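Right, one structure below, let's go through it.
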Amino acid sequence: IDASASMAGDKLAAAKAAAHAFAGVVTMPTDHVAVIAFNETATTLIGLTGDRAAVDAAIDRITLAPGTRIDAGLAAARAELNGPAGRLDATRVIALLTDGRQDDGPERAEAEATAARAAGIRIFTIGLGADVDGAFLARLAGMTGRYYAAPTPADLAAIYAGLADEARTCPKDAFWGGR
């Protein structure tokens, strides 16, 4: 979740509410969720866990700071999914929410997204508000239909609910071509 200063107010409140709703529709404790916030750095607020209360508490701890380093968020998510708590037999998903653009150009974020997809991780991107680069976020997702535009904060809850359903119903082999 983008935790840059531009997410202040309604955007952050909507992002937290949508993340809570997402945690509510995944099947914990079977499904595991991590919460990573990014701004000028990325912070893993909680690693992969099936503990709904812990995930909710982590979402509530998201605080804002300057900067938008999407690459740092993607790198932290990939490290968590590929780390000791990650399960290679599970469908591994990154749901990236941002309202802005990569601070230092798109190349680093595109390289991190490519590395994550090469590791068998699905990436869904969500652009919140009018100041997003939808084409860039679609490139990060790597597939048509994996980028979602949320023109207003009110659009987020439905998008996150749909992501949970899509991640759960699309078999890993069908998405990754037999990987």
Please determine whether any residue of segment 82-105 is surrounded by 17 or more Cβ atoms within 10 Å (Cβ to Cβ) and in a helix (DSSP H, G or I). no
Residue count for segment 109-120, restricted to those that are assigned to a helix (DSSP H, G or I) and more than 24 Å from Leu12 (Cβ to Cβ): 7
Look at Ala118 and say whether it is closer than 12 Å to Leu96 by Cα and over 12 Å from the mean Cα position of the chain (by Cα). no
Tell me which residues, restricted to segment 121-164, are β-branched (Val, Ile, Thr), open to solvent by less than 40 Å² (accessible area, probe 1.4 Å) and out of contact with any Gly (no Cβ under 8 Å at 6 or more places or on another chain). Ile121, Thr125, Ile126, Ile159
Considering Leu48, Leu81, which residue is out of contact with any strand residue (DSSP E or B) (no Cβ under 7 Å at 6 or more places or on another chain), in contact (Cβ under 8 Å) with a residue 24 or more places away in the chain and not polar (S, T, N, Q)? Leu81
Single unsatisfied condition, Asp104 versus (1) under 28 Å from Ala14 (Cβ atoms); (2) touching a residue at least 40 places away in the same chain (Cβ under 8 Å): (2)
Identity of the residue in segment 48-81, open to solvent by less than 60 Å² (accessible area, probe 1.4 Å) and of a type in the set (Ser, Thr, Tyr), that ends up farthest from Ala23 (Cα to Cα): Thr68
Looking at segment 29-44 only, could you name the residues that are open to solvent by less than 40 Å² (accessible area, probe 1.4 Å) and in a strand (DSSP E or B)? Val33, Ala34, Val35, Ile36, Ala37, Phe38, Ala42
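The values are calculated or read from the model by the stated rules, or taken from the named source; none is laboratory data. What you see is a predicted model, and the numbers here were worked out from it, not measured in a lab. Backbone-built Cβ (ideal geometry, glycine too); neighbour counts: all protein chains shown. With ligands, DNA and RNA removed, areas are computed over all heavy atoms of the protein, side chains included. Shrake-Rupley method; radii C 1.70, N 1.55, O 1.52, S 1.80 Å.
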